[in-house]
Amino acid sequence: MKGEQLALSVQLRSTASFDTYFAGPNEAALAALRELHDSPIGGIYLFGPDGVGKSHLLLATARHFQQQGLRVAYLPLANFAERPIELLDGADEADLLALDDLDIVSADRDWAYALIRRFDKLRANQRRWLVSASHATDRLDCAIPDLRTRLHQSARFGLRALDDADRSRWLRENALARGLELPDEAARWLIHHLPRDAASLIAALDTLDHASLSAKRRLTLPFVQKTLG
């Protein structure tokens, strides 16, 4: 199946899991995603600004389905310079269709019709979909009103950014998962000197993990500053 082949060709980040997502104010969304496979709802629509973890949650859910031996079609739409409708071929045969950054294509009439057909077939076959976008469904630029109607039938969760205290706890928990102890002052330095989106902070932890192992040093504020500064 083309959708399955596409999904398997996309490298799912090893850090993208439910366990590495610090939910903070987004606990309800995380709980719904954990139960999506067994839930009576057909799909979930996540929305919010950059940096709140939408892509992380899509990847984590895709990984969760794959670990259960289920078929996943995952499309990070922002990663494709060209977006032919054929990207969706076979996607409605997957157990989960995950579409990241839907607002990139929702205003395109051909894409809107194609998405409506896929969502209808997924619902008829009792399969699941997961969508992310920047805005709530009533603010999404849709070429066809019926697309908004389909999305509005999903369970919808607006994701909120973590505050500094939550972000610091999330960083320390991710560090501990790697066997690293990240001091409070080092976590605060990372938050105030690096981009605050999850991908950038995880990348910083990757760098610190390798540097700490190579230098055989524990993490201290001076070591973190020297490594990343």
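List of remarks:
- Computed label-point distance, nm, for sites Ala78 and Arg178 using a 7 Å Cα→Cβ extension: 2.2
- Within the shell defined by Cβ-Cβ distances under 15 Å, the residues around Leu221 carry a net charge of +2, with Lys and Arg each +1 and Asp and Glu each -1.
- Relative to its residue count, the chain spans a Cα convex hull of 126 Å³ per residue.
- Relative intensity, log₁₀ I(q)/I(0), of region 164-228 from a Debye sum that treats every alpha carbon as a point, q = 0.20, 0.25 Å⁻¹: -0.68, -1.12
- Radius 14 Å from Cβ of Asp38, net charge of other residues (Lys, Arg +1; Asp, Glu -1): +1
- Ranked by how many other beta carbons lie within 10 Å on average, peptides 114-127, 90-103 from highest: 90-103, 114-127
- Axis of helix 198-215 versus longest Cα principal axis of the chain: the two differ by about 40°, to the nearest ten degrees.
- Taking Lys and Arg as +1 and Asp and Glu as -1, the other residues whose beta-carbon sits under 9 Å from that of Phe18 total +1.
- Taking the Cα atoms of region 47-165, the ratio Rg/Rh between the radius of gyration and the Kirkwood radius comes to 0.95.
- Helix 184-193 axis, angle to the chain major axis (alpha carbon atoms, nearest 10°): 60
Every read-out reported here was derived from the displayed coordinates using simple, explicitly stated rules and does not represent laboratory data. Since this is a predicted model, take the numbers as computed values, not measurements. Cβ coordinates were reconstructed from backbone atoms using ideal geometry, including for glycine residues, and neighbour counts include every protein chain displayed.
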